[in-house]
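One structure is given below, encoded as structure tokens.
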Amino acid sequence: MPFNIIGAVVGFVANAAGRIASTFLKNVVGEHTSNLPAKVQEVRLDQRARQAEIDYYRRREAREQNLLELQDLRLKADLQIESASAEREERSLKLTERELQLKAEELADKRQMSSLYLELMREKTAKEIELKQKEIQAIFDQQKWPGVLSRDEVERIFGDEQKKPRLLMLVPPPDISDDFPLSFRDSLKKEVRNQLKGFLERHYSLEGELCPVEFYGKYFERSIFDAEVKQLETILAAVPTAIIYSDITDHEVYFNVRFWGLQDTISLSFEPWNWEEAKKQLQEAGNDEIQSLRIIRQTIVTLHKLLAAFLADWYYLNIDPNYEPQLFNLDSEIPNAWSKTITDKLKLTQQQYQKAYNTDLKLLADWETSKTQPWRCANTLSGHSNHVYSVAISSDGQIASGSADNTIKIWNLTTGNSICTFTGHSGSVSSLAFSPDGQTLASGSADNTIKLWYSRTGVTFTGHSDDLHSVAFSPNGKTVASGSNDKTIKIWDLITGEAICTLTGHEESVSSIVFSCDGQKLISGSNDKTIKIWDLITGKATRTLTEHSNYVSSVAISPDGKILASGSADNTIKIWSFHTGNLLHTLSEDTSAVRSVAFSPDGQILASGGNDKTIKLWHLGTIKLINTLSGHSESIRSVAFSPDGKTIVSGSIDKTIKIWQCD
């Protein structure tokens, strides 16, 4: 019947879900804790939560493995038809009991995690309340409080909120036009208050552990309006709160919602529902005026329930990814036809949250494992007579190193033995790159040229007017890019040796370049402190990233093509979304300039080397520093991962190459 208002409520859900998606899932480099609402993120980053999540994940993985083993045992038992029927039944019963036991353990574990999240949220809220109490004392003392909630009631709310987590639900009486009979006005106000109170006590009990809601209805002696709602927010800003307030004119009903406590305040007013038209349709269907008004009153009450249930479920789903929304099981209270669109939105949100949560748990467990994995220097390669500026590893396990002694040396990754030395450059070799098939090596030099080796030895590309700082192969191996001190980037056809295009736009030297995974774009870092993303079809920069405060020395793209990493002389590493250009994280535990960054083949680890003479390993799931490798005696200019991710090669100003292995 009330199609307009239901559509408006569904519109609110869609709007709220969109905001959730833009906050929690916006990068889903993304799909982990760093994308949660700020307040929830602080809770989830608490060390108690982190450790509990790691322990829970490991227990859950063990249970899932046990369940798979039980399924195998059940299948084998069913195939043993020679066994006595009684024996098979007894064995099946034992397997079923064990399966039920494992499922009960999983449920108990989830309940324990839920309790922990709520308790940590209570602690966070309690601290905010302590600060807020000092601030609002002056408000109470300096101005007359209008009495929407008394001073004593506010102080009681603060006290109770500090003792137990809860969502405060404020529902003042509807503001009803005087055109209605007095009996209608009184009945509706009482029905909203009493029925909503009973509804919340049944499904969101304040005494419950999973989704406690404290309902404030009887404390309001009158309707409240926008200005008073904002005043309440000023006083109760530290307390997670939902307010539902409505206006009823002689022909329409208006619903308003204001919600705060997790992130930015959400304030929404819905399209009005024409109750007068509904009354006319009811009377045409045979209902008298009294019956029609009763149905309209009940409709308004039910819509209050629907909004209250959604707001409570949305709040607790944000805090606890294991939370099961109560609205999924309220058919007896709210018609399914009314709630279906809303529950569909909640189910989709729940699925997204649980997917992100599971990703986060795995990343945490991987991080914990990574912390315990020892890396050691397995070999130190000596042979260059000057600084080593660049190292690269081929797909078949050969190391190439470029030096200020104008040579390139090739080494066996496993043994560390020298294979050969390439000569031909008349200046320092600053950059090296292997083609994807490992059949061609490209080198960039201070002699302004790019040279090709292996299958293409003797090929030289000329065209830059100053030193080369970076070379990179396209994913298909058909083109090579070069970045130069002349502020340009050139794209070369590997077959013809001709420059396909020249990219201009940087104001200083181009220090590092890398192709996107599809080969359609190029990323460049420059001494002008910027990173540019270039469209290779148009030859134009589509985005410029400007967060670094000093020159950008190195850029890298993750194997899945979702994120960029940049190292800078401002002593930071920055992590960016490749698709949006948003800055996701800044890693700042480096105490000196970062000269090189490289992703592991699985995209989980970022290695950085710099002027502090160490290699740092960062776990990208948790954005934590997990290891620092020391051994070089001078600045590290280049780091590279082996194809299997178990070896890192580094080149240094100390004239050596070191091979690091993870045991």
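The values are calculated or read from the model by the stated rules, or taken from the named source; none is laboratory data. Here the structure is a predicted model, which is why all the values come from computation and not from measurement. Note that each Cβ is placed from the backbone with ideal geometry, even for glycine, and that neighbours are counted across all protein chains shown. Heads up: the accessible areas ignore ligands, DNA and RNA and are worked out on the full protein's heavy atoms, side chains in. Shrake-Rupley method; radii C 1.70, N 1.55, O 1.52, S 1.80 Å.
Only one entry in Ser246, Ser187, Ser205, Ser267 is modelled with pLDDT of 85 or more, of a type in the set (Gly, Ala, Ser), under 22 Å from Tyr315 (Cβ atoms) and outside any loop (DSSP other than H, G, I, E, B), namely Ser246. Scan (1) more than 30 Å from Gln520 (Cα to Cα); (2) at pLDDT below 95; (3) part of a loop (DSSP other than H, G, I, E, B) for the single condition Thr457 breaks and write down its number. In the conditions (1) more than 30 Å from Gln520 (Cα to Cα); (2) at pLDDT below 95; (3) part of a loop (DSSP other than H, G, I, E, B), Thr457 misses (1) alone.
Put simply, of Thr414, Thr380 the only residue that is at pLDDT 95 or above, under 15 Å from Val649 (Cβ atoms) and open to solvent by 50 Å² or more (accessible area, probe 1.4 Å) is Thr380.
For the stretch 575-602: of the residues being modelled with pLDDT under 95 and outside any loop (DSSP other than H, G, I, E, B), which is nearest to the chain's Cα centre (by Cα)? Per the criteria, the residue is Leu584.
Condition (residue is of a type in the set (A, V, I, L, M) and either within 21 Å of Arg595 (Cβ to Cβ) or modelled with pLDDT of 85 or more (or both)) applied to the stretch 331-354: is it met by at least one residue? So far as the stretch 331-354 goes, no, none of its residues is of a type in the set (A, V, I, L, M) and either within 21 Å of Arg595 (Cβ to Cβ) or modelled with pLDDT of 85 or more (or both). Please determine, by comparing only the residues of the stretch 323-348 that are touching a Phe, Trp or Tyr at 6+ places or on another chain (Cβ under 8 Å) and of a type in the set (S, T, N, Q), which one is most open to solvent (accessible area, probe 1.4 Å). Here the residue is Gln326. Count of the stretch 234-248 residues, restricted to those that are touching a strand residue (DSSP E or B) at 6+ places or on another chain (Cβ under 9 Å), open to solvent by 20 Å² or more (accessible area, probe 1.4 Å) and closer than 25 Å to Met121 by Cβ, is 1. Can you pull out the helices (runs of 4 or more DSSP H) entirely within the stretch 1-111 that have at least 2 residues that are open to solvent by 30 Å² or more (accessible area, probe 1.4 Å), modelled with pLDDT under 50 and within 30 Å of Gln298 (Cβ to Cβ)? Filter on the stretch 1-111 gives 3-24. Pairs only if they're at least six apart or on different chains, beta carbon under 6 angstrom, first in the stretch 552-573 and touching a residue at least 60 places away in the same chain (Cβ under 8 Å), second in a strand (DSSP E or B) and open to solvent by less than 10 Å² (accessible area, probe 1.4 Å); list them, first residue then second. Correct list of pairs: Ile563/Ile575. Among the residues of the stretch 635-653, the ones that are touching a residue at least 24 places away in the same chain (Cβ under 8 Å) and either part of a loop (DSSP other than H, G, I, E, B) or touching an Asp or Glu at 6+ places or on another chain (Cβ under 6 Å) (or both) come to 7 in all. Among the residues of the stretch 363-377, which ones are modelled with pLDDT of 85 or more and either among the basic types (Lys, Arg) or under 17 Å from the mean Cα position of the chain (by Cα) (or both)? Of everything in the stretch 363-377, just one residue is modelled with pLDDT of 85 or more and either among the basic types (Lys, Arg) or under 17 Å from the mean Cα position of the chain (by Cα) (or both), namely Arg376. The set of residues in the stretch 249-264 being open to solvent by 20 Å² or more (accessible area, probe 1.4 Å) and outside any strand (DSSP E or B) consists of Thr249, Asp250, His251, Gln263, Asp264.
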